[in-house]
Every structure is written in structure tokens, then in C-alpha cells.
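The structure under discussion appears below in the form of C-alpha cells.
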Protein chains: 2
Amino acid sequence: MPDATQPTADVAHSAAAPGEGRPRRRYTIGELAKVFEVTPRTIRFYEQEGLLQPERRGQTRIYHEKDRVRLKLTLRGKRLGFSLAEIREVIQLYDNAPDGDERQLRLMLDILADKRAAMQQQLEDIRILQNELDDVEARCQESLAALTRQRNKD
Amino acid sequence: MPDATQPTADVAHSAAAPGEGRPRRRYTIGELAKVFEVTPRTIRFYEQEGLLQPERRGQTRIYHEKDRVRLKLTLRGKRLGFSLAEIREVIQLYDNAPDGDERQLRLMLDILADKRAAMQQQLEDIRILQNELDDVEARCQESLAALTRQRNKD
DNA sequence: GATCAGCTTGACGTTTACGTAAAGTAGACC
DNA sequence: GGTCTACTTTACGTAAACGTCAAGCTGATC
């Protein structure tokens, strides 16, 4: 099932560098994993698939806000049934502002239209499924009410 | 990507039995496959997974309206990122009107609430993703407009 | 009656998205 | 300096959802 749980995803832990204006939060892989309720393995895998590009301090990875946002986007995409490859596409859309080429821009707009159509279809699908759930629930409630009436007859 | 294409799924082919009121449509596996744009293999697999129970005429499968509806439901579920196991659950919810047991009924209502929560989360996810797409599109349009202005300066 | 399209059942292969275990490293603490 | 804990890479394993043969049956048509 597309998991309905969504993390608040804001932890206060690493310190701001002294004399620095913005907090400039940094995360270890374990912290991010805990926050989003995934395993470190998953996060490394996403990196391997080109969805994340954390900084390296020697051998260990250091994640910044950008990475956190990307991970969040990734998990959201997964809840919507996107494959990692598709999510990567979206991410590349997102931070490739193709300023130069007009052909590129038009292509991008086309792709966006496609994604938008997919979203639209999803909305429709959800609407229908919700109706079906309503249906089942109504029948359940009815059965339950019938049972209760039955019992009160005594 | 959750496929945005959705088949109209109404073909006129098999005949109604003579003297019968309703059309009583029947489908071969190939017909269903074509209508929904999946392979026969997929449909057999869904049967193996307990999502479909077509009639058998000797060795060959015969699909009725009920099967068509189930297949449609299944594909809709897939577009929403449900696993086949979860879809089977929903289907069982759908045609198990548990008239008898109160405990069963209450459990069913709980499960329904869960599914409903998942749907709700999906709606939220879609809303957010649509906003992000809007964002990217706006940037694209802006770049494009800038290019056009540039060109018109000549 | 041969051929052909479309159905059937195995059975093994493939992709995706990780899980899991092994073996090593690096910093913090006693 | 030993011990933890949390990180690292490498590598093999696995579940889900089919794809892809292979080999055979079956009804229609030439």
C-alpha cells in the first residue's frame, strides 16, 4: 500500500556554524533515515540511482537541506506509484532550468503536460476508488445497524 | 509512471444469446488484453494471484462482465501504486459483504478507514506535486518569454 | 487433412527496489 | 589503547510483477 504515514521531518540536532547567519543544517545518513522512516540502505540506493548527491567528508556522506528535500520528493513520488527512474526525471526537470535552448524548453513543457495528465488520471482514480470505499462502508454500516436492531428486539 | 491512458473498455463483439434479455457479454483473454492494453500473460497472472476467476469452457477461459470490472479495478489500483496483494484485499472487501459477524464488520470498517487515509495522503501528495510542476512550468514559460523578447528586439 | 491463429500450461529469465550479511574504517569515550 | 557506535563498500539474496520461450491443444478455413 502507498504508505499513509508522513514524517514531520524536522529535527533539531546539528549546530549552526559560529558566526553563520542561517542554520545550515547537516544530516548524517542515520538521521535522515530515522526522520523519514527508511533504512540507510535505501538512502544509499537512491544515491546510486542518481536521486541524491550528498557531500563527502572523507568517506562519510553529509546531507544538506537540498538532499532532504529531494528525499522527501522521492518518497512522495513513491507513494504515488512512480518508479525511481520517473522520479529522477521529475527531479531533473525540477533543477534543470533550461535557460538556453528553445527546443529544450518546449520539450520540457511537453513532458510537464504528460506528468500533469498522469496526476489528473490519478485524481480521477482516487475519486472512483473513494466512491467504491464509500459503497462498501455503507453496506457495512447497514449490516451493523441491522444487527443492532435485531438485538434490541429482545 | 502510473499510466495516464485509460481505455474506454467497451467493445461490441460477442452476440447475445437468443431470447436473452441482457447482452451477457463474454470475452476471450485476447479481447480483454487488447481492450485494457495489457498482455494475456498479465491477465493469467492476475488470475493466479486470485484477482480474477474466469469461467472455463474446457481448457479455455471465458471472461464475463464481473471479470472485466475486476480487471479494471485492478489496473486502477496499480495506477495508484497498490500492490496486487492490496488490490486483492480491496476486492475481497468489495464482494465480501460480511453480513454475519459484528467483529468482522468492525474490522472491515477499520480497514476501510486505513484505505481512506491512504487515499487522503495521495490527494495531498498530488496537490503538492502539482504545485511543484506549476513551479517548473512557470520557470519554463518565463525563460521562453525572455527568449522571445530577446528575439523581438532585433 | 494441413495450416494457422489463438488459446493452454509449464518453466525459466528479468527488472525494480531494496534486504542482509561480511569485513573494514573512523571518531568518541573510558 | 581497547571498545562502541555509526558509518563505509562489496556482494549476494529476494519479492513482486510480469516477459519470454517451448511445446502442445483446438476450432476455423483452404
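Observations, loosely collected:
- For residues of A:108-117, the mean tally of beta carbons on other chains within 10 Å: 4
- Peptide B:135-147, shielding by other chains (average Cβ, 10 Å cutoff): 5
- Estimated FRET transfer efficiency (A:Ile62, A:Ala138; beta-carbon r; R0 45 Å; 0.05): 0.30
- Remark: mean inter-chain Cβ contacts per residue of B:73-79 equal 4, using a 10 Å Cβ-Cβ cutoff to other protein chain atoms.
- Accessible-area rank, largest first, for B:Thr74, A:Thr148, B:Thr60: B:Thr60, A:Thr148, B:Thr74, with all protein chains present and a 1.4 angstrom probe.
- For the stretch A:32-154, the fraction of C-alpha pairs more than 25 angstrom apart is 51%.
- Distances between copies at B:His64, taken between label points 7 Å from Cα along the C-beta direction, are 6.4 nm in increasing order.
- Per-residue 3J(HN,Hα) values for the stretch B:84-91, derived from phi via the Karplus relation 6.51 cos²θ - 1.76 cosθ + 1.60 with θ = phi - 60°, read 4, 4, 5, 5, 4, 3, 4, 4 Hz in sequence order (x marks Gly and Pro).
- Lysines whose Cα lies under 19 Å from that of B:Lys34, excluding same-chain neighbours fewer than 8 positions away: B:Lys66, B:Lys72, B:Lys78
- Pair-distance distribution P(r) for the stretch A:100-154, from all Cα-Cα distances in 10 Å bins starting at 0: 21, 20, 17, 15, 12, 8, 5, 2, 0 percent.
- Local electrostatic count at B:Gln130 - Lys and Arg +1, Asp and Glu -1, tallied over other residues with Cβ under 13 Å: -2
- Surface accessible to a 1.4 Å probe, B:Thr28 within the full protein complex, Å²: 70 Å²
- Residue-count net charge about B:Tyr46 - beta-carbon cut-off 11 Å; Lys, Arg +1, Asp, Glu -1: +2
- Taking θ as phi - 60° and the Karplus parameters 6.51, -1.76 and 1.60, the scalar couplings of the stretch A:133-142 work out to 5, 3, 4, 4, 4, 4, 5, 4, 4, 4 Hz in sequence order, x denoting glycine and proline.
The values are calculated or read from the model by the stated rules, or taken from the named source; none is laboratory data. All values derive from a computational prediction rather than experimental measurement. Using ideal geometry, Cβ is built from the backbone for each residue, glycine included, and neighbour counts are taken over all protein chains shown. These area figures cover heavy atoms from the full protein model, side chains too; ligands, DNA and RNA do not enter into them. Shrake-Rupley method; radii C 1.70, N 1.55, O 1.52, S 1.80 Å.
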